[in-house]
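The values are calculated or read from the model by the stated rules, or taken from the named source; none is laboratory data. Everything quoted here is computed from the prediction, not taken from an experiment. Note: ideal-geometry Cβ built from the backbone for every residue, glycine included; neighbour counts use all protein chains shown. Quick note on the areas: whole protein, heavy atoms, side chains included, nothing else; ligands and nucleic acids left out. Shrake-Rupley method; radii C 1.70, N 1.55, O 1.52, S 1.80 Å.
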Amino acid sequence: MLMILNRIKFKISSLVLVLLVAVTVALYLITVAIMHRHILNEVLKRSEALAKSIAASAGYSMLAKDFLGLDNMVYKMRESNRDVEFLYIADTRMKVIAHSDIYSTGKQMRLAQGSVLHRRPDGTTITELSDPPPGLLVIAGPIVLMNKRLGTVVLSVNSSVLQDAQRLVRARIMAAFAAVFLLGIAGSVTLSSFLTRPIRELSTGVEELKAGEGSRRLKVYSYDELGKLTESFNEMTALISDQRGRLIRSAKDLEESCVATIRVLAAASDARDPYTHGHSVRVSVLSMLLGRELGLDAKDLEKLEVACLFHDIGKIKIPDAILRKHGKLDPIEFREMMRHTEYGADLLSKAPSLHKYIPPVRHHHEWFNGSGYPDGLQGDAIPLAASILSIADTYDAMTSNRPYRNAFSEAKTFGELESFSGRQFDPELVKVFIRIMERHVVGRTQNERIAE
């Protein structure tokens, strides 16, 4: 659920970011275009004003044939305006009278060829040169005095000043939009977090409900559709929690009833043979001692205790002629007796709540070397509870009287367990069990001495 939520948040952030990039780029391009046009217009206005100023002054000097004055004017204009590449004054036949390049004076000129940007009503033309050197704007304006055309003033402005201005403007605009873009990213993350906060709360509620912890009311962040959905989820959670509590109580009561029934059946099975009366309870006590020594938790110990009470429940299906026979069982009878583990597992399978006890009941006669029954499991494949139960079951059987023999002593019983260690029993469990029982015997002997 957290992964899904992160994907939603990523999609929202990505969508906002894409829109932000698109809008930012569009505004940047529009702004740059507008600024380019504005700067170009300013350069052209200044160049036209400069050409008109020269034309107005040059008319009187041309009438007076003051060529030295014209040269001085052209020189000063060129020096005071560094962006002017060249400047010259020509007569009506385009013969140069004064030129910023003194060696061009007297030459016949023709207007530069290129892309005409503007053509004014007064005859002024603005041309952008297409031939090298590139980036030059040429302004040609008429020299008119008393409504008589006397010649033409031509000046060329290097557009690098325009490019420098554009670079400066672009840099500033880019910096401004970069700041806006960063703020937009921060805003998109904040917005996505704000939009996904109700979804995150719902996601947390779903996870808690799945884990059985759905008692907390979710916080409602808004009163829109998501807010209404959160309120509905709170109502649903309360209903589910109530129903779950009832089901858990019912299941527990049912399990306790089943366990109680099986306890009665186990006691009845033990009671069928006076020599096995109380056997299941004793096996349960011994198994619990070993389980605690091994460090099993409370839940596993409880499962082990009940499984021990059930371990011979399948013998209820074994005929008395076999179960209570004083002599040795023949092969057919022995095979039927072996089936008590399967009968017990089948009986427990009737109630789903008792399925957890099936492994130790079915496999408590498996051998560590794989020669046991019913499935021939070996080593670690045998459930731990079944291995514990096997040792406790054998110990109680050997220390109890049987029709065909008397009970073994503690020493002989320990010797038998050790002799079958690694074959029938898990050797590590045998060591721990014998250590527990020796400690138990010593404690019991000391208590008997104190009683005497």
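From the phi of every residue in segment 25-30, what ³J(HN,Hα) in whole Hz does the Karplus formula 6.51 cos²θ - 1.76 cosθ + 1.60 yield, where θ is phi - 60° and glycine or proline is x?
Computed from phi, the couplings for segment 25-30 are 4, 4, 5, 4, 5, 5 Hz.
Whole-Hz ³J(HN,Hα) for each residue in segment 243-251, computed from phi via Karplus 6.51 cos²θ - 1.76 cosθ + 1.60 with θ = phi - 60°, x for glycine and proline: what do you get?
My calculation for segment 243-251 gives 5, 5, x, 5, 5, 4, 5, 5, 5 Hz in order.
For a quick check: with amide H placed at 1.01 Å from N, whose amide H comes under 5 Å from Leu117's, ignoring anything fewer than 5 positions away on the same chain?
Amide H to amide H, under 5 Å and 5 or more residues apart or across chains, Leu117 pairs with Ile126, Thr127, Glu128.
Report Tyr28's accessible area, 1.4 Å probe, all protein chains in place, as a number in Å² to the nearest 10.
So the heavy atoms of Tyr28 present about 40 Å² to solvent.
In nm, what is the difference between 0.36 nm times the number of residues separating Asp122 and Ser14 and their Cα-Cα distance?
33.2 nm
At a Förster radius of 60 Å, what calculated FRET efficiency corresponds to the Cβ-Cβ distance of Thr31 and Asp66, to the nearest 0.05?
Result of the calculation: an efficiency of 0.75.
For Ile332 and Leu168 in one chain, what is 0.36 nm times their gap in residues minus the Cα-Cα distance, to one decimal in nm?
Taking 0.36 nm per residue and subtracting the Cα distance, the gain is 48.5 nm.
Report the label-to-label distance for Ala179 and Arg217 in nanometres (one decimal), using points 7 Å from each Cα along the Cα→Cβ vector.
It is 4.7 nm.
Using a ≥ b ≥ c from the Cα gyration tensor of segment 312-382 (square roots of the eigenvalues), is it rounded, prolate or oblate, where a/c under 1.5 gives rounded and otherwise the larger of a/b and b/c decides, a/b for prolate?
In terms of gyration-tensor shape, oblate.
For the pair Ser80/Val285, report the inter-label distance in nm, with labels modelled 7 Å from Cα in the Cβ direction.
Modelled inter-label distance: 12.4 nm.
What FRET efficiency would be calculated for the residue pair Asp91, Val23, taking the C-beta separation as r and a Förster radius of 60 Å, to the nearest 0.05?
For R0 = 60 Å, the calculated efficiency reads 0.60.
First measure r as the distance between the Cβ atoms of Arg263 and Lys228, then evaluate 1/(1 + (r/R0)^6) with R0 = 51 Å and state the FRET efficiency to the nearest 0.05.
0.45
Can you pull the accessible area of Glu410 for me, 1.4 Å probe, Å² to the nearest 10?
Number for this one is 50 Å².
Would you mind computing, in nm to one decimal, how far apart the modelled labels at Ala351 and Ile436 are, each placed 7 Å from Cα along Cα→Cβ?
With each label placed 7 Å out from Cα toward Cβ, I get 2.5 nm.
Output ³J(HN,Hα) for segment 69-85: one whole-Hz value per residue in order, computed from phi by the Karplus curve 6.51 cos²θ - 1.76 cosθ + 1.60 with θ = phi - 60°, and x for Gly and Pro.
Using θ = phi - 60°, the values come out as x, 5, 4, 5, 4, 4, 4, 5, 4, 5, 6, 7, 10, 5, 7, 7, 6 Hz.
If you bin the C-alpha pair distances of segment 20-107 every 10 Å from 0, what whole percents do you get?
15, 36, 20, 12, 10, 6, 1
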